[in-house]
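Participant: Before anything else, here's the structure in question.
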Ligand code: GUN
Ligand code: FE
């Protein structure tokens, strides 16, 4: 009689298939016909490749006990994507008003829309549609700005929790009387801080029930929206509760310049002085970070949420993302809905590569190639952009997510290259997997993503 695989009792599912996962920003693992053994907590507790001695027996036992889920021919596994910058209420205006500058866009479109989220029914409608849409595009973890309203922000966290997405959600703080319109700002600084604290406590109460995790986030919208007292109070809450923090940092000429004029220093230094840069902080954009700012990020373990689509509209420049990564700053990707119009992290991956190429080559064709080029070696490859969307995002949030490896959560998307009407030009049965990987990243559409898993659970559509 054969002996059972010792740890098999702890396994509730075994997924079999070919997939891809980052080893580093430069290197991927090609995981051909691997087995992922998942425990009741949704963690990968064993990963086996076909040459491992336990492979065949594990496969056999998984079949006999109905625990096996095998991918079909033409299907591939990728880690679930991590979107580090989403404005949930702005989903309602995605694809509009991108032809005007940032501050005008905020005043004429964004603030009026966000103010409507004092209506919980409206919030539920928009947020449910958004979370479904993001999951369908392979986004298994989202870092969300809600609005100033505590109730609607809590509703967003509940929707993520219920639908099975890992949500990091915050109530947005905007208390400055001059920078925010009367119809959309916190009642006063004290209320803004009390509502933030109450929100943190409520999410912490919800937390133990949610398998995939739900996390409260402290969110000063950006330095211009907040009084010094609010920034100070939010820094104190950060220290008290040890929770995630997010904001916008050095995004555009206007915003970066405003902070410099008010404080005589850059956003990064202001945020750091108030205790808002920690290893659980993720700062969106960071296009105008100085080298000294980047070193502060590295020292504090603070990450950049790179939002390449929105940056093309609002940033007035291209971030040297390669340089900041080489400095040792953690980097992930953000859609920045709706400054970025597209809910798909695939699109963010593609634009991250494209923008970096334009930065390297320069754009003024009246100049010679040497004069045209603005920076040396600033291009990133599609592997690097994939790393930012997965493993880099996980590191940015200090969570064990974004890789198909042992002791990480099983968060994954199944891409079917053979769905009807797929725009997937794979004509050769023995096409190298390295090339398939690139096609997946450049050509996958929502229709190709046939299933999505978060913390070992398949998302019900
Ligand atoms: N700065 C302050 N608020 C916002 C916002 O909603 N979107 C972007 N892109 N930048 C901001
Ligand atoms: Fe944003």
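The values are calculated or read from the model by the stated rules, or taken from the named source; none is laboratory data. Computed from a predicted model, the values in this text were never measured in an experiment. Glycine also receives a Cβ, built like all others from the backbone with ideal geometry; neighbour counts cover every protein chain displayed.
Participant: Tell me whether the stretch 279-290 contains one or more residues that are surrounded by 16 or more Cβ atoms within 10 Å (Cβ to Cβ), modelled with pLDDT under 95, within 16 Å of ligand 2 (Cβ to nearest atom) and over 28 Å from residue 191 (Cβ atoms).
Facilitator: For the stretch 279-290, residues surrounded by 16 or more Cβ atoms within 10 Å (Cβ to Cβ), modelled with pLDDT under 95, within 16 Å of ligand 2 (Cβ to nearest atom) and over 28 Å from residue 191 (Cβ atoms): absent.
Participant: Something else now. Specify the residue that is farthest from residue 267 (Cα to Cα); the eligible residues are those in the stretch 215-230 that are crowded, with 23+ Cβ neighbours inside 10 Å and away from ligand 2 (no atom under 16 Å from the Cβ).
Facilitator: Here the residue is 215.
Participant: Can you pull out the helices (runs of 4 or more DSSP H) entirely within the stretch 242-308 that have at least 2 residues that are within 16 Å of ligand 1 (Cβ to nearest atom)?
Facilitator: Qualifying helices (runs of 4 or more DSSP H): 253-263, 267-273.
Participant: Name every residue in the stretch 333-373 that is part of a helix (DSSP H, G or I) and buried (at least 19 other Cβ atoms within 10 Å of the Cβ), in order of residue number.
Facilitator: Across the stretch 333-373, the qualifying residues are 345, 346, 348, 349, 350, 351, 352, 353, 355, 356, 359.
Participant: Any idea which of (1) under 14 Å from residue 139 (Cα atoms); (2) without any contact (Cβ under 8 Å) to a residue 24 or more places away in the chain is the one residue 443 doesn't satisfy?
Facilitator: All conditions pass for residue 443, except number (1).
Participant: Next question. May I ask you to verify whether residue 16 is touching a residue at least 24 places away in the same chain (Cβ under 8 Å), closer than 22 Å to residue 137 by Cα, in contact with a helix residue (DSSP H, G or I) (Cβ under 8 Å, 6 or more places away or on another chain) and surrounded by 14 or more Cβ atoms within 10 Å (Cβ to Cβ)?
Facilitator: Taking the combined requirement at face value, the residue satisfies it.
Participant: Confirm whether residue 309 is within 16 Å of ligand 2 (Cβ to nearest atom), at pLDDT 95 or above, crowded, with 19+ Cβ neighbours inside 10 Å and farther than 29 Å from residue 382 by Cβ.
Facilitator: For residue 309, the condition - within 16 Å of ligand 2 (Cβ to nearest atom), at pLDDT 95 or above, crowded, with 19+ Cβ neighbours inside 10 Å and farther than 29 Å from residue 382 by Cβ - is not met.
Participant: Related question: Tally the residues that are under 15 Å from residue 146 (Cβ atoms) and either touching a strand residue (DSSP E or B) at 6+ places or on another chain (Cβ under 7 Å) or modelled with pLDDT under 95 (or both), restricting the search to the stretch 180-206.
Facilitator: Summing the residues that are under 15 Å from residue 146 (Cβ atoms) and either touching a strand residue (DSSP E or B) at 6+ places or on another chain (Cβ under 7 Å) or modelled with pLDDT under 95 (or both) in the stretch 180-206 gives 7.
Participant: Within the stretch 357-386, which residues are touching a residue at least 40 places away in the same chain (Cβ under 8 Å) and touching a helix residue (DSSP H, G or I) at 6+ places or on another chain (Cβ under 9 Å)?
Facilitator: 359, 375, 377, 378, 379, 380, 381, 382, 383, 384, 385, 386 - these are the residues of the stretch 357-386 that are touching a residue at least 40 places away in the same chain (Cβ under 8 Å) and touching a helix residue (DSSP H, G or I) at 6+ places or on another chain (Cβ under 9 Å).
Participant: Among the residues of the stretch 207-222, are any free of Cβ contacts under 8 Å to residues at least 24 places away in the same chain and in contact with a strand residue (DSSP E or B) (Cβ under 8 Å, 6 or more places away or on another chain)?
Facilitator: Yes, that holds for at least one residue.
Participant: While we're on this one: Does residue 69 satisfy the criteria of being touching a residue at least 24 places away in the same chain (Cβ under 8 Å) and within 16 Å of ligand 1 (Cβ to nearest atom)?
Facilitator: No: the conditions fail for residue 69.
Participant: For the stretch 129-151, name all the residues that are more than 21 Å from residue 82 (Cβ to Cβ) and either without any contact (Cβ under 8 Å) to a residue 40 or more places away in the chain or surrounded by fewer than 24 Cβ atoms within 10 Å (Cβ to Cβ) (or both).
Facilitator: Those that are more than 21 Å from residue 82 (Cβ to Cβ) and either without any contact (Cβ under 8 Å) to a residue 40 or more places away in the chain or surrounded by fewer than 24 Cβ atoms within 10 Å (Cβ to Cβ) (or both): 149, 150, 151.
Participant: Only one of these conditions is not met by residue 334: (1) within 16 Å of ligand 2 (Cβ to nearest atom); (2) farther than 23 Å from residue 217 by Cβ. Which number is it?
Facilitator: Among (1) within 16 Å of ligand 2 (Cβ to nearest atom); (2) farther than 23 Å from residue 217 by Cβ, the lone unmet condition for residue 334 is (2).
Participant: I'm trying to understand the selection: among the residues of the stretch 316-330, which are within 16 Å of ligand 2 (Cβ to nearest atom) and modelled with pLDDT of 95 or more?
Facilitator: 319
Here is a yes/no grid of residues against (1) in a strand (DSSP E or B); (2) over 29 Å from residue 249 (Cβ atoms); (3) at pLDDT 95 or above; (4) over 23 Å from the mean Cα position of the chain (by Cα):
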| position | (1), (2), (3), (4) |
| --- | --- |
| 72 | no, yes, yes, yes |
| 103 | no, no, no, yes |
| 107 | no, no, yes, yes |
| 115 | no, no, yes, yes |
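Participant: Separate question: Being exposed (fewer than 15 other Cβ atoms within 10 Å of the Cβ) and either in a helix (DSSP H, G or I) or touching a strand residue (DSSP E or B) at 6+ places or on another chain (Cβ under 7 Å) (or both) is the filter here; which residues of the stretch 119-128 pass it?
Facilitator: Passing the criteria: 120, 121, 122, 125.
Participant: Scan (1) surrounded by fewer than 23 Cβ atoms within 10 Å (Cβ to Cβ); (2) assigned to a loop (DSSP other than H, G, I, E, B) for the single condition residue 239 breaks and write down its number.
Facilitator: All conditions pass for residue 239, except number (2).
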